[in-house]
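Novice: Pasting in a structure now, in structure tokens, and then I'll have a few things to ask.
The values are calculated or read from the model by the stated rules, or taken from the named source; none is laboratory data. Remember, predicted model here, so these are calculated numbers, not experimental data. For neighbour counting, all protein chains shown are included, and Cβ atoms are generated from backbone atoms with ideal geometry for every residue, glycine included. Accessible surface areas use protein heavy atoms only, side chains included; no ligands, DNA or RNA. Shrake-Rupley method; radii C 1.70, N 1.55, O 1.52, S 1.80 Å.
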Amino acid sequence: MNDLPEHVRRNRALWDDWAKKFAASGEENWTRVTPTWGIWDVPESEVHLLSADMTGIDAIELGCGTAYVSAWLARRGARVVGIDNSQAQLTTALRLQRQHGLDFPLLHGNAENVPYPDASFDFAISEYGACLWADPRRWVPEAARLLRPGGRLVFLVNSFLLMLCMPAEDDVAATDRLLRSAFGMYRVEWPGGHGVEFHLAHGDWIRLLRHAGFEIEDLLDLRPAADATTRYPFVTLEWARQWPCEEVWKARKRA
Ligand SMILES: C[S@@+](CC[C@H](N)C(=O)[O-])C[C@H]1O[C@@H](n2cnc3c(N)ncnc32)[C@H](O)[C@@H]1O
């Protein structure tokens, strides 16, 4: 524990504390036959994060939490591994594995330093996991190391625009004003919070991904349906229908 980077130690304590609050949504997502993504449940048919048939694909979820994304991959035939920094989150994941009769490896660890050899996987995914809570200068090169040439990386995070419009106070929704500078954003700690997040401008993501050996295939701005709902207070439907509050990056490791 003491040899973990400071942000990883702090985020471990935070997520061990928050795990109970995320158990119910994890349970609900485990029961979904068709995946939906992000805080507005955007249907997979709109965004195509996964292939319909993933038989024989070696996949890893970086920051799997309750591991419902891993479960969706396993049901599509992938040999999946989930890694998460929080033992409490993995305890929920293990319970849901047993309940749903699925069994895949769940590792307690830091996605910046994964105990698998180079080129072990064809597909890596993160939905608000390591892609938000781990240091991109560490986890992106680590994802590149883990993937085989031609392997795909897909991750979903808060949009950069949302980060510019988000008040610092807890539970206050994003405004239609730019509240902070777009330059130099990287490590973000909200006042009163205990966790460490990472938010990057698009140019910084592009440089980082390319430097690590990825080609960027797509950047999707997610738009919720007109009748979508969310349990998260930090953005309203009115806002999210006008501006993207979530984005998906799709990249491929250069062959
Ligand atoms: C919001 S959950 C993501 C899981 C799920 N997709 C969801 O949206 O609930 C964030 C997860 O990232 C994990 N996490 C944070 N930092 C991590 C790191 N450095 N390595 C692996 N997992 C990490 C947390 O423990 C937490 O379970």
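Novice: Quick one: count up the residues across the range 89-134 that are open to solvent by less than 30 Å² (accessible area, probe 1.4 Å) and not hydroxyl-bearing (Ser, Thr, Tyr). Spell out the reasoning first.
Specialist: Taking the range 89-134 first, the residues open to solvent by less than 30 Å² (accessible area, probe 1.4 Å) are 89-90, 92-93, 96-97, 104, 109-112, 114, 120-121, 123-127, 129-132, 134.
Adding the requirement that they be not hydroxyl-bearing (Ser, Thr, Tyr) leaves 89-90, 93, 96-97, 104, 109-112, 114, 121, 123-125, 127, 129-132, 134.
Qualifying residue count for the region: 21.
Novice: Could you identify the single residue in His194, His211, His202 that is open to solvent by 70 Å² or more (accessible area, probe 1.4 Å), closer than 27 Å to Val8 by Cβ and at pLDDT 95 or above?
Specialist: Values: His194 fails: at pLDDT 95 or above; His202 fails: open to solvent by 70 Å² or more (accessible area, probe 1.4 Å).
Just a single option satisfies the conditions, and that option is His211.
Novice: Among the residues of the range 37-85, count how many are of a type outside the set (D, E, K, R) and assigned to a helix (DSSP H, G or I). Walk me through how you get there before you give the answer.
Specialist: Residues of the range 37-85 that are of a type outside the set (D, E, K, R), as a first pass: 37-40, 42-43, 45, 47-52, 54-57, 59-60, 62-74, 77-78, 80-83, 85.
Still in the list and also assigned to a helix (DSSP H, G or I): 45, 47, 68-74.
Qualifying residue count, the range 37-85: 9.
Novice: Taking Ala143 as meeting all but one of (1) open to solvent by 10 Å² or more (accessible area, probe 1.4 Å); (2) assigned to a helix (DSSP H, G or I); (3) closer than 20 Å to Lys250 by Cβ, write down the number of the exception.
Specialist: Among (1) open to solvent by 10 Å² or more (accessible area, probe 1.4 Å); (2) assigned to a helix (DSSP H, G or I); (3) closer than 20 Å to Lys250 by Cβ, Ala143 violates only (1).
Novice: Give the residue that is nearest to Leu14 (Cα to Cα), with candidates limited to residues of the range 83-109 that are more than 9 Å from the ligand (Cβ to nearest atom) and charged (D, E, K, R).
Specialist: It comes out as Arg95.
Novice: Quick check on this structure: which one of Arg187, Arg207, Arg180, Arg145 is within 16 Å of the ligand (Cβ to nearest atom) and out of contact with any strand residue (DSSP E or B) (no Cβ under 7 Å at 6 or more places or on another chain)? If you could, list the steps in order and put the result at the bottom.
Specialist: On the way: Arg187 fails: out of contact with any strand residue (DSSP E or B) (no Cβ under 7 Å at 6 or more places or on another chain); Arg207 fails: within 16 Å of the ligand (Cβ to nearest atom); Arg180 fails: within 16 Å of the ligand (Cβ to nearest atom).
It is Arg145.
Novice: On the given criteria, is Glu215 in a strand (DSSP E or B) and farther than 27 Å from Trp239 by Cα?
Specialist: Values: in a strand (DSSP E or B): yes; farther than 27 Å from Trp239 by Cα: yes.
In short, yes.
Novice: Return yes or no: is Asp53 in contact with a Lys or Arg (Cβ under 6 Å, 6 or more places away or on another chain) and not β-branched (Val, Ile, Thr)? Even if it seems obvious, please write down each step before you answer.
Specialist: Details: in contact with a Lys or Arg (Cβ under 6 Å, 6 or more places away or on another chain): no; not β-branched (Val, Ile, Thr): yes.
No.
Novice: If Arg252 meets every condition in (1) outside any strand (DSSP E or B); (2) in contact with a Leu (Cβ under 8 Å, 6 or more places away or on another chain); (3) closer than 25 Å to Trp139 by Cβ; (4) open to solvent by 60 Å² or more (accessible area, probe 1.4 Å) apart from one, which number is that one?
Specialist: (1)
Novice: Can you confirm whether Thr34 is near the ligand (Cβ under 9 Å from one of its atoms), under 23 Å from Leu222 (Cβ atoms), assigned to a loop (DSSP other than H, G, I, E, B) and hydroxyl-bearing (Ser, Thr, Tyr)?
Specialist: No, not satisfied.
Novice: Are any residues in the range 1-28 near the ligand (Cβ under 10 Å from one of its atoms) and of a type in the set (S, T, N, Q), and if so, which ones?
Specialist: Residues satisfying the conditions are Asn11, Ser25.
Novice: Could you check, for the range 196-203, whether at least one of its residues is among the hydrophobic types (A, V, I, L, M, F, W, C), in contact (Cβ under 8 Å) with a residue 40 or more places away in the chain and within 17 Å of Asn110 (Cα to Cα)?
Specialist: So in the range 196-203, the residues among the hydrophobic types (A, V, I, L, M, F, W, C) come out as 196, 198, 200-201.
The next check asks that each one be in contact (Cβ under 8 Å) with a residue 40 or more places away in the chain; those that pass are 196, 198, 200-201.
Checking which are within 17 Å of Asn110 (Cα to Cα) leaves us with 196, 198.
So far as the range 196-203 goes, yes, one or more of its residues are among the hydrophobic types (A, V, I, L, M, F, W, C), in contact (Cβ under 8 Å) with a residue 40 or more places away in the chain and within 17 Å of Asn110 (Cα to Cα).
Novice: Find all pairs meeting these conditions: Cβ atoms under 6 angstrom apart; at least six residues apart or on different chains; first residue within the range 110-127 and within 15 Å of the ligand (Cβ to nearest atom); second residue among the polar types (S, T, N, Q).
Specialist: That search, which allows pairs on different chains as well, returns Asn110/Asn85.
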